[in-house]
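K.L.:
So that we are looking at the same thing, I have put the structure below in structure tokens.
Rule-based calculations on the coordinates, nothing more; no lab input. Values in this document were obtained by computation on a predicted structure and should not be read as measured data. Glycine gets a Cβ as well: all are built from the backbone with ideal geometry, and neighbour counts include every protein chain shown.
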């Protein structure tokens, strides 16, 4: 190789490194955005506190000697607001990661965490608990347990049906649609026989809300999402290869069916662990991956985490708006996600010249 | 250097046999072109060699190890596959597409030698100019070069190409075939390629394999195989074969009466 060649080669590698660096920058900026927004979100509410007081209260817990706070602010931040903020972050992150994985393995821009009939299965599980009081677990976890179990049940049925015909995007999507209609019909039946108050509760559950948040719930979602996201990231090269077509992926050494099923189950597990506590929060899992793909491109090594952080930002933003826009009335966040996210999505969609998908 | 010996290879869906007991050898630095009518099993044979499909029989490397007993990952280190069309590829840059070819060799992190290999192969195929361009924005010929580059990044011993010139104009057909030919001679890799154009096959192949109804009709040099009789019995086409700069050149005259056109 001549020295000119070597220089040219180095330049190309540098250019690629910069290209990768820009993606890491997007991730860093979104993390900073989340931290900033979390501080602002925790200041909003009936008691007036400043962002500085919020950060001091948070840091005082970890470095008691260096930061000071009052009992009043400490209680508001730690017991009333911060778990909801954290829940919004982890739920937004999880739904976005789940949506990214589903779009990647199904190679379909319309795929979302709910593609496999998951949302209607969860709604049916919740309706069963609310209207008939029936379910797999008893007591206060009846609704949560039902929603979780039916969600996982739906994804297992989809897997079973698809397995029978070969695990391709088409079979999975069609099986998912069938399951979705089945559970929707069963939910409609329950609503038909239910009392109006119960039906109202079901409808409210379907809108999705972070109002029932707690530290325990946020921690469960955090743990499940963290583990599943790490596994999905390990599989990110395989998901990239699936994007080039099943045959090419196989020729590159990917065990296509195993990867597809593993990713589907991980995405379902993340989604189930979130929506069993929050109800079906739509939009984030569909659109956060799109927004992120427009900005960082289609490489899942970066797309998965970046999409998670953008999703967290979107849900936290939507929840903050839903708590404040008609205060003291708090709107269900499921209503706000689309209102806050769509303008941003359309802006990027129109501004991008290239086909990002 | 690798010689591939295919023994008793069969494949079918249920009772419908697509490939029936094939036996053949692909030598070092050799381009073997598979020719035959639609449905004769060319693409199926390519997919069987790469184990995208699961055939019966054995595919031996240098007469020893059987590809059939290897894991997917291991097969990917020996066999590079260039698919027929690039449809359904999600938006990604040329660099990332080629880098994907390193998958059988690398872990999650991209090493320096992987980047070096990608750049080296992109330069070899002259696609380094649009390294960071979106794959879907390239022309047909450029896309084909990128897909060949991806397969080469696997550092395979055998390159499988499924109709690499379909959808290309004349200049790009020749360009892609010349690229493949010079790569084969430069790297010592051998190539098996499914191709429809008999004259392109004659120009660039060392050997031809004529397939009909999933069976080997004949195998040999283009000069030996491209005869009036063979073309009549394989394709049901009346043709004359003329000598064109020491290469056979097939001029079709018309399809034979009574033969169904598929």
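K.L.:
What's the FRET efficiency of residue B:113 with residue B:218 using the Cβ-Cβ distance as r and R₀ = 41 Å, to the nearest 0.05?
P.N.:
Computed FRET efficiency for residue B:113 and residue B:218: 0.40.
K.L.:
Also: Using a 10 Å cut-off on Cβ atoms, rank the peptides A:259-270, B:231-242 from the highest mean neighbour count down.
P.N.:
Packing order, densest peptide first, comes out as A:259-270, B:231-242.
K.L.:
Write down the percent of antiparallel bridges among all DSSP beta bridges whose residues are both part of chain B, to the nearest 5.
P.N.:
60
K.L.:
Let me ask something additional. I need B:102, B:109 ordered by Cβ neighbour count within 10 Å, fewest first.
P.N.:
In order of increasing Cβ crowding within 10 Å: B:109, B:102.
K.L.:
For every helix of n ≥ 4 consecutive DSSP H residues, a contribution of -39,500 (n - 2.57) applies; sum these over chain A, divide by its total residues, and give [θ] at 222 nm rounded to the nearest 500 deg cm²/dmol.
P.N.:
Result for chain A, helices only: -25500 deg cm²/dmol.
K.L.:
Length gain on complete extension for the stretch residue A:219 to residue A:140, per 0.36 nm per residue less the alpha carbon to alpha carbon distance?
P.N.:
Extending this stretch completely gives an extra 26.6 nm.
K.L.:
Right, another one. Counting other beta carbons within 10 Å of each residue's own, what order do A:293, A:61 fall into, fewest first?
P.N.:
Least to most surrounded, the residues fall as A:61, A:293.
K.L.:
Rank these for me by crowding, A:222, A:150, A:344, going from fewest to most other beta carbons within 10 Å.
P.N.:
Final ranking by Cβ density, sparse to dense: A:344, A:222, A:150.
K.L.:
Can I ask one more? P(r) of segment A:22-351 in 10 Å steps, Cα pairs, percent per bin?
P.N.:
P(r) over segment A:22-351, rounded to whole percents: 6, 26, 32, 24, 10, 2, 0.
K.L.:
Also, quick follow-up: Among A:162-171, A:329-338, how do they line up by average Cβ neighbours within 10 Å per residue, starting with the highest?
P.N.:
A:329-338, A:162-171
K.L.:
Here's something else I'd like to know. Averaging sequence separations of C-alpha pairs under 8 Å and six or more residues apart, then dividing by the length of segment B:119-262, give the relative contact order as a whole percent.
P.N.:
RCO, segment B:119-262: 14 percent.
K.L.:
Hey, got the average number of other protein chain Cβ atoms within 10 angstrom for residues in B:90-100?
P.N.:
6
K.L.:
What FRET efficiency, computed as 1/(1 + (r/R0)^6) with R0 = 56 Å and r the Cβ-Cβ distance, is obtained for residue A:339 and residue A:5, rounded to the nearest 0.05?
P.N.:
According to the calculation, E is roughly 0.55.
K.L.:
If you don't mind, there's one more thing I want to ask. Under the definition of Cα pairs under 8 Å and six or more residues apart, what whole-number percent is the relative contact order of segment A:22-351?
P.N.:
28
K.L.:
Can you pull the mean other chain C-beta count within 10 Å for peptide B:111-118?
P.N.:
Counting Cβ atoms of other protein chains within 10 Å of each residue's Cβ and averaging gives 2.
K.L.:
Within segment B:89-105, list the residues whose amide N lies under 17 Å from a label point set 7 Å along Cα→Cβ of residue B:136.
P.N.:
B:89-98
K.L.:
Report, in whole Å, the centroid distance computed from the Cα atoms of segment A:99-178 and segment A:230-262.
P.N.:
22
K.L.:
While we're on this one: Averaged across the residues of A:241-247, what count of C-beta atoms belonging to other chains lies within 10 Å of each residue's C-beta?
P.N.:
Rounded to a whole number, the mean comes out at 6.
K.L.:
Related question: Taking chain B as the reference, fit the longest principal axis to its C-alpha atoms, fit the long axis of helix B:170-187 to the helix C-alpha atoms, and give the angle between the two in degrees, 0 to 90, nearest 10.
P.N.:
70
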